[in-house]
Amino acid sequence: MAHNLVIFGPPGAGKGTQSAAIKEKLAVFHLSTGDMLREAIKNETETGKLAKQYTESGKLVPDEVVIKIVEEAVSPLPADKGVLFDGFPRTLDQAKALDAMMDKLGRGINGCISVAVPDEAIVSRLTGRRMCPACNLIYHITGKPPKTEGKCDVCGGDLIIRKDDNEEVIRQRLDAYHAQTAPVIGYYKDKGLLKEVDGTRPPAEVSQEIIGMF
Ligand code: AP5
């Protein structure tokens, strides 16, 4: 059976890191709304122009905008391979919209992996993050440094610091998480789909636990 999963957690919990590690093992497509929005901003599309002000100030992009890009991304995917939704849903309305779109496609969500990390660990994770804008690979200056400083191990391109990885915006993202996103945990718990993992352990241990759940 194809796994259609949500990977859930606060900013910097390790959703992107875990998605990269588990997508092949679980044979799923990886759809990250953060990556899709950054791509749209880079390409200066209408969606990108609208999303920029929200992402750069750490606020959530309006539901209708995000729901539309997810629906457009998921609809053409073959149903015999699962999908890992990373960073979506982030509000209860997005969670309900995801169920409706998956229903329409004859698919369903089989699990929500909630990666738990306390707020105090988040700031140092995110201020030390570096990212390859071409491969979307994620590094950390001390936890996961690239082989050559400032260069992606895979494509050799220059690593960047995300515009929203500064302390003021990180605090705003955490506020948005607690106010608007955390309630989504209850939505999946009530459906019996919630699987919680402790995200404070080394990334490989976290991945092993997630893979073992499915
Ligand atoms: P998005 O890109 O989704 O950002 P986020 O949720 O804030 O999550 P991050 O990408 O910052 O962190 P992550 O959990 O993936 O952690 P990572 O693996 O990189 O969204 C950005 C913005 O887009 C939002 O603020 C919003 O404006 C908008 N947006 C996106 N989706 C939206 C939606 N559905 N609705 C509305 N708006 C939306 O790891 C972080 C760092 O920690 C790395 O350096 C990594 O090396 C390190 N690390 C990872 N795991 C570990 C570990 N186990 N131990 C130690 N270090 C670790």
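The values are calculated or read from the model by the stated rules, or taken from the named source; none is laboratory data. Keep in mind that what you see is a predicted model, and the values were worked out from it rather than measured. For neighbour counting, all protein chains shown are included, and Cβ atoms are generated from backbone atoms with ideal geometry for every residue, glycine included. Remember, those area values only see protein heavy atoms, side chains included, never the ligands or the DNA or RNA. Shrake-Rupley method; radii C 1.70, N 1.55, O 1.52, S 1.80 Å.
Report the residue count in the range 58-96 for those that are more than 8 Å from the ligand (Cβ to nearest atom), open to solvent by 40 Å² or more (accessible area, probe 1.4 Å) and closer than 30 Å to Arg171 by Cα.
6
Which ones in the range 124-133 are open to solvent by 20 Å² or more (accessible area, probe 1.4 Å) and within 17 Å of the chain's Cα centre (by Cα)?
Result: Arg125, Arg129, Arg130, Pro133.
State whether the residues of the range 166-179 include one that is over 20 Å from the mean Cα position of the chain (by Cα), on the phi < 0 side of the Ramachandran plot and surrounded by 13 or more Cβ atoms within 10 Å (Cβ to Cβ).
no
Quick test for you: out of Leu31, Leu37, pick the one residue that is within 11 Å of the ligand (Cβ to nearest atom), in a helix (DSSP H, G or I) and under 14 Å from the mean Cα position of the chain (by Cα).
Step by step, each of Leu31, Leu37 is checked, and only Leu37 is within 11 Å of the ligand (Cβ to nearest atom), in a helix (DSSP H, G or I) and under 14 Å from the mean Cα position of the chain (by Cα).
Applying the selection to the range 175-214, what residues are near the ligand (Cβ under 9 Å from one of its atoms) and among the basic types (Lys, Arg)?
Selection gives Arg201 alone.
Please report, ordered by residue number, the helices (runs of 4 or more DSSP H) entirely within the range 101-214 with at least 2 residues that are without any contact (Cβ under 8 Å) to a residue 12 or more places away in the chain and farther than 25 Å from Ile69 by Cα.
119-127, 184-190, 203-212
Looking at Lys68, Lys59, Lys25, which is the one that is part of a helix (DSSP H, G or I) and of a type in the set (Lys, Arg)?
Of the residues listed, the single one that is part of a helix (DSSP H, G or I) and of a type in the set (Lys, Arg) is Lys68.
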